Amino acid sequence: MSTDTTVSPLRQRMIEDMRARKLGPHSQRSHIHSCRRFAAFLKRSPDTATADDVRRFQLHLVEAGLGISNRNRIMTGVKFLFRVTLRRHDLAAEIFHLKEEQKLPLILSPNEAELLLAKAGSFRDGVMLSLGYGCGLRAGEIVRLKDGDIDSAQMIIRIVQSKGRKDRHVMLPPELLVLLRQWWKVRPKRFDAGVPVGERWLFPGRQGQHLTTRQLSRLFHEAAAAAGITKRVSLHSLRHSFATELLEAGTDIRYIQAVLGHSKLDTTSRYTRVAPGRIAAIDSPLKRLGAEQRRLKKKRRSRKAA
């Protein structure tokens, strides 16, 4: 696999293997970048690699100070090359993944979320951020919404072929429907010509494409700064906050799992560790200890009085 801009036969085979397995564009770019990094380390084609080369490369990544997630991502791409394209299962078996740190997601309080939405840079920005907080949508799901995805008759939003190539439905709050109808009246329409009704981007960007997730992330951080929020939150924090609010409101966790589009309940269950309302409401043993002390004092006073 060449490390320059030319496409070597090995890289072309790997690209074809990824396309055949319908890997997304982001995954394809990541795998190619990982294998180019491995080739640069070897200073020769990866199809000549040995088990010792794989061991030294993994050690090199650790010594280079890469985080666990980045290190695992790179080795996932290299493993695809060995396992699928080169059919070198012996080398694929040499690759190990490190257990990633389990960090609690940062969430916004209801007051912080309300202030952030109020500080959105434009009406469009406020609608997009409201979709993140009010419906728990991912950034890519927000920017890829089309007019046909909004079902006001059933009060749902259809999320089409999102993460894991899955469809799902999320609720459409009445307040959000009002905002969407207002936005539809003023949204740019210069690229609507020739596009069938139901296929038009809700948030169009340049040259007939939808707005990018990078643009959406930037406007989130601008709104957070304007709201004076100093937490190290990201756009995805709106989704975390959405899930936490539903949990604290008593929504069944399996419904939350369905709305978020999680394949495993374990993924949704992590929100039970960050729901501040539920955690704060847990009785501490100190409370029972205090009650027991008061009971004993009352019993001693009764004995003295007798």
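The values are calculated or read from the model by the stated rules, or taken from the named source; none is laboratory data. All of these numbers come straight from a predicted model, not from anything done at the bench. Ideal geometry is used to build each Cβ from the backbone, glycine not excepted, and the neighbour counts take in all protein chains shown. Surface accessibility is based on the protein's heavy atoms, side chains included, excluding ligands, DNA and RNA. Shrake-Rupley method; radii C 1.70, N 1.55, O 1.52, S 1.80 Å.
Taking the conditions (1) open to solvent by 70 Å² or more (accessible area, probe 1.4 Å); (2) within 23 Å of residue 161 (Cβ to Cβ) in turn, residue 203 satisfies each one other than (1). So residue 219 ticks every box in (1) over 20 Å from residue 149 (Cβ atoms); (2) at pLDDT 95 or above; (3) open to solvent by 20 Å² or more (accessible area, probe 1.4 Å); (4) not polar (S, T, N, Q) but one. Which box is left unticked? Going through (1) over 20 Å from residue 149 (Cβ atoms); (2) at pLDDT 95 or above; (3) open to solvent by 20 Å² or more (accessible area, probe 1.4 Å); (4) not polar (S, T, N, Q) one by one, residue 219 breaks only (3).
Between 168, 181, the distinction of being of a type in the set (D, E, K, R) and part of a helix (DSSP H, G or I) belongs to 181 only. Considered as a group, the residues in segment 254-272 that are free of Cβ contacts under 8 Å to residues at least 60 places away in the same chain and not in a helix (DSSP H, G or I) include one that is most open to solvent (accessible area, probe 1.4 Å), and that residue is 264.
Whether a residue is part of a helix (DSSP H, G or I), modelled with pLDDT of 95 or more and surrounded by fewer than 20 Cβ atoms within 10 Å (Cβ to Cβ) was assessed, and residue 116 does not pass this test. In segment 113-138, the residues that are of a type in the set (Lys, Arg) form Cβ pairs under 6 Å with partners that are open to solvent by 50 Å² or more (accessible area, probe 1.4 Å), at six or more places apart or across chains, as follows: 119/226.
Out of segment 38-60, which residues are more than 19 Å from residue 18 (Cα to Cα), of a type outside the set (A, V, I, L, M, F, W, C) and not in a loop (DSSP other than H, G, I, E, B)? The answer is 48, 52, 53, 55, 56, 58, 60. Scanning segment 222-233 for residues that are open to solvent by 50 Å² or more (accessible area, probe 1.4 Å) and closer than 20 Å to residue 123 by Cα turns up 222, 225, 226, 228.
Does residue 82 satisfy the condition of being within 18 Å of residue 17 (Cα to Cα) and touching a residue at least 12 places away in the same chain (Cβ under 8 Å)? Yes. Across segment 134-165, which residue is most open to solvent (accessible area, probe 1.4 Å) among those that are among the aliphatic types (A, V, I, L, M) and in a loop (DSSP other than H, G, I, E, B)? If we take residues in segment 134-165 being among the aliphatic types (A, V, I, L, M) and in a loop (DSSP other than H, G, I, E, B), then 153 is most open to solvent (accessible area, probe 1.4 Å). One residue stands out among those in segment 33-57 that are among the hydrophobic types (A, V, I, L, M, F, W, C) and over 13 Å from residue 11 (Cα atoms): the one that is surrounded by the most Cβ atoms within 10 Å (Cβ to Cβ), which is 54.
Residues that are within 17 Å of residue 125 (Cβ to Cβ) and touching a helix residue (DSSP H, G or I) at 6+ places or on another chain (Cβ under 8 Å) were ranked within segment 179-200; the one that is surrounded by the fewest Cβ atoms within 10 Å (Cβ to Cβ) is 186.
Go through the residues of segment 226-249 one by one and say whether even a single one is over 14 Å from residue 116 (Cβ atoms) and without any contact (Cβ under 8 Å) to a residue 12 or more places away in the chain. Looking through segment 226-249, at least one residue is over 14 Å from residue 116 (Cβ atoms) and without any contact (Cβ under 8 Å) to a residue 12 or more places away in the chain.
Residues are listed down the side, and each one gets a yes or a no for (1) at pLDDT 95 or above; (2) in a helix (DSSP H, G or I):
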residue: 29; (1), (2): yes, yes
residue: 33; (1), (2): yes, yes
residue: 36; (1), (2): yes, yes
residue: 62; (1), (2): no, yes
residue: 77; (1), (2): yes, yes
residue: 95; (1), (2): yes, no
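Does residue 190 satisfy being part of a loop (DSSP other than H, G, I, E, B), closer than 18 Å to residue 129 by Cβ and modelled with pLDDT under 95?
Criteria not met by residue 190.
Counting just the residues of segment 75-112 that are more than 20 Å from residue 52 (Cβ to Cβ) and acidic (Asp, Glu), which one comes out surrounded by the fewest Cβ atoms within 10 Å (Cβ to Cβ)? Taking the candidates together, the pick is 101.
Yes or no: residue 168 surrounded by 13 or more Cβ atoms within 10 Å (Cβ to Cβ) and either within 18 Å of residue 237 (Cα to Cα) or among the charged types (D, E, K, R) (or both)? Considered against the rule, which asks whether it is surrounded by 13 or more Cβ atoms within 10 Å (Cβ to Cβ) and either within 18 Å of residue 237 (Cα to Cα) or among the charged types (D, E, K, R) (or both), residue 168 comes out as yes. Here residue 130 meets each of (1) farther than 30 Å from residue 60 by Cβ; (2) over 20 Å from the mean Cα position of the chain (by Cα); (3) surrounded by 15 or more Cβ atoms within 10 Å (Cβ to Cβ) with one exception, condition (2).
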